[in-house]
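Okay, so here's the structure we're looking at.
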Amino acid sequence: MSDSGATWRSPTLAVLAAGGLILFAVLGLRAAGLLQGAEVMVYDQYLRRSAEGPDAPGDRSVVLLEVTEEDIRAQGHWPISDRVLADAIRTLVDAGAVAVGLDIYRDLPVTPGQEIFARLLAGEPRIVAVHKFGDPGSEGIPGPPALEGSGRVGFNDLLVDRDDMVRRGLLFQDDGQGEVAFAFALRVALIALAAEGVAALPAHENPEWLQLGPTTLRPFEGNDGGYSGEDAKGYQILLDFGGTGRGFDRFSLSDLLEGRVDVTRVRGKTVVMGSHAQSLPDFFPAPMGGRLPGLEVHANVIDQLLRFGRGQSVPLRVLGEWQEALLIFALAALGCIFALAMRGKPLVGTSALVVVVLAGAGALWLMGLVAFRAGLWVPVVAPVLAWTSAVGLLTAWVSSRERVERDELMRIFSRHVSAEVADEIWRHREDFFKEGRPRPLRLEATVLFVDMRGYTTQSEKMDPEVLLDWSNEFMDCMAGEVVRHGGVVDDYFGDGIKANFGVPIARRKREEVARDAVHAVRCALAMARALDQLNVRYRERDLPEVRMKIGIDTGAVVAGSVGSADRLKYTVVGGVAVNAQRLESTTAVAHDYDRFPCRILVSGRTRDLIAGKFHLKPEGEVELKGKAERIAAYRVLEEFLPRG
């Protein structure tokens, strides 16, 4: 027990060591990207909860003009002609829209109306169109020729995570020719903000960062929040989907063209026009649930940028990597502390432990939500994993070590103890164990010696194998009585047993010492009754009957272990043990062993503690072998039983 004992004596070291190992394990899982899926799922939950909460932004400054399936059927074809697009956009700008984003490709004209449409694009500075970058799976799509070089064309490519979900917005990226390309949503937002006197500037913190009004947009990095090694190319931001949470004002193309829309709904607003038809493959999974059409994803980015520029919202902040590591370590250490604190508490069962662990995980999730609503994304999956792993692993380790310690403890007390005594020893192990072995203690205990009378004579007559079986049956019977009466078998001799009552846990009160003495005397009487039954069995097998002598004394002893580390023996020493043995063996008190096969003698000190509970016969003071002073001896006849 020396190695585990050292661990328990230094719980701080155990917590630091285990917490450090769990930290590196969790960081390893995080670095490998194995936690990202769970982290972004929690992020999605936080987004939905925040959109439903009282702090969700309430101003709707973006309006959607949707080309629906009904609109396509009404027009009779797709794409919509340039003339129809021109009529719709002219209606919007005339109604006072501050910016119009056209999320419909127009690299080629669609007759009729191409000249009208081209003049409208070139002459109206509030209009922004889209183009698409090429990728290995598809070719790029240029913007309208009429807007070439105007600075009013933006790419509408969207970023998707590993689960195909859109959670990030791309504001800038290299166009592959050394130029910086602007995103469609950013172009539209800049025009709308310019109407309010808000411009895009280099940030004070870092000139390479973008600042809109009072808000600095720190670019996304690959390990931000719950992400791990994500591609952070270009200039990205995390999306909050605040517009979706509020619900955009929207109407269809047919409703606008046929005059069923109050055009004052777009006055002073930013309008995004695009398709919302199931037949067109322009839908993306979104954290808010379901699939959003591309124009609504862009509208969310525009809405978020407008709120940033007006100072209505701030970008979501994230913890630094060292802060995340510190949080993970803190939760791992807390789990270790909890597991160590629960060590040795029998009332804390598996179910209660599971409830506490789940409650801790739930509390972390809730604290993460509170932080998220305050503008800080705290990844909780890694801390929850650290917490649960620490509690689980430390509990398992503690249980394993306790099993080893208990096995070693019981090896020392292996000469029969009752389950109750074993549990008491285990509960108080810290009180009397030192460096893997029981520390010497001065105790008030009762010592009982029992001896087989005439054993030497019988051993000379009997076959050795029969002799061992005969004596072992006696020893098992008497040792069983010791265990049943709460004693500890100290030692076996060839023809006797030494047992202790009141060890190894120190008794603090006289009543406790008296109770141990009563248990010892009751044990002696039970041994006498058991001897009668044992002799019946001996007679049936033609074996010699046994006569027995018992001596009991109570007082101060020194209890501790003797022997080597591998072969420890727990025992008590002192005058009390000597007196008990001498009382058992004395010839100064005559006894008729033929009529009464068992003689039980107790000392005057034991008699004082058990007075009134047993029938005792004074035998006067007797001289004990090797002892200078005489002691009072009392014969135990029987126990006083309550009258029924």
Scanning the range 443-461 residue by residue, those among the hydroxyl-bearing types (Ser, Thr, Tyr) and within 12 Å of Ala524 (Cβ to Cβ) turn out to be Thr446
Residue hits (the range 99-123; surrounded by 15 or more Cβ atoms within 10 Å (Cβ to Cβ) and part of a loop (DSSP other than H, G, I, E, B)) are Ile104, Tyr105, Arg106, Pro109, Val110, Gly113
Can you find a residue that is under 18 Å from Asp103 (Cβ atoms), part of a loop (DSSP other than H, G, I, E, B) and touching a residue at least 60 places away in the same chain (Cβ under 8 Å) anywhere in the range 280-289? yes
When every residue in the range 50-87 that is in contact with a Leu (Cβ under 6 Å, 6 or more places away or on another chain) and part of a helix (DSSP H, G or I) is compared, the one modelled with the highest pLDDT is Ala86
Note on the range 555-575: residues within 16 Å of Tyr492 (Cβ to Cβ) and at pLDDT 70 or above are Lys569, Tyr570, Thr571, Val572
Pairs returned, first residue in the range 203-222 that is outside the structural domain of Ile237 (by TED's automatic domain parsing) and on the phi > 0 side of the Ramachandran plot, second residue that is among the hydrophobic types (A, V, I, L, M, F, W, C) and part of a loop (DSSP other than H, G, I, E, B), beta-carbon separation under 9 angstrom, 6 or more apart or interchain, are Gly213/Val198; Gly213/Ala199
_Please determine whether any residue of the range 185-205 is of a type outside the set (A, V, I, L, M), farther than 27 Å from Ile116 by Cβ and over 45 Å from the mean Cα position of the chain (by Cα)._
yes
Report task. With respect to Phe329, determine if the residue is within 33 Å of the chain's Cα centre (by Cα), over 29 Å from Met165 (Cβ atoms), in the same structural domain as Thr12 (by TED's automatic domain parsing) and modelled with pLDDT of 90 or more. Result -> yes
Picking from Ala514, Ala479, Ala499, the residue that is hydrophobic (A, V, I, L, M, F, W, C), under 49 Å from the mean Cα position of the chain (by Cα), outside any loop (DSSP other than H, G, I, E, B) and closer than 16 Å to Ala577 by Cα would be Ala499
When the range 162-177 is checked residue by residue, the ones that are farther than 23 Å from Leu121 by Cα, among the aliphatic types (A, V, I, L, M) and part of a strand (DSSP E or B) are Leu170
All conditions in (1) under 25 Å from Gln533 (Cα atoms); (2) touching a helix residue (DSSP H, G or I) at 6+ places or on another chain (Cβ under 7 Å) are true of His615 except (2)
Within the range 589-644, residues in a loop (DSSP other than H, G, I, E, B), of a type outside the set (Asp, Glu) and within 19 Å of Arg547 (Cα to Cα) come out as Val589, Ala590, His591, Tyr593, Arg595, Phe596, Pro597
Restricted to the range 191-220 and to residues being of a type in the set (A, V, I, L, M) and assigned to a loop (DSSP other than H, G, I, E, B), the residue nearest to Val93 (Cα to Cα) is Ala195
- Message: For the range 59-67, check the following and say yes or no: at least one residue is acidic (Asp, Glu), farther than 30 Å from Gly290 by Cβ and in the same structural domain as Gln173 (by TED's automatic domain parsing).
- Response: no
By residue number, the members of the range 129-161 that are of a type in the set (S, T, N, Q) and part of a strand (DSSP E or B) are Ser138
Counting only residues in the range 472-492 that are free of Cβ contacts under 8 Å to residues at least 24 places away in the same chain and of a type outside the set (Asp, Glu), the one surrounded by the most Cβ atoms within 10 Å (Cβ to Cβ) is identified as Met475
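The values are calculated or read from the model by the stated rules, or taken from the named source; none is laboratory data. Just so it is clear, the model here is predicted, and its values are computed rather than measured. Note that we place each Cβ from the backbone using ideal geometry, even for glycine, and neighbour counts take in every protein chain shown.
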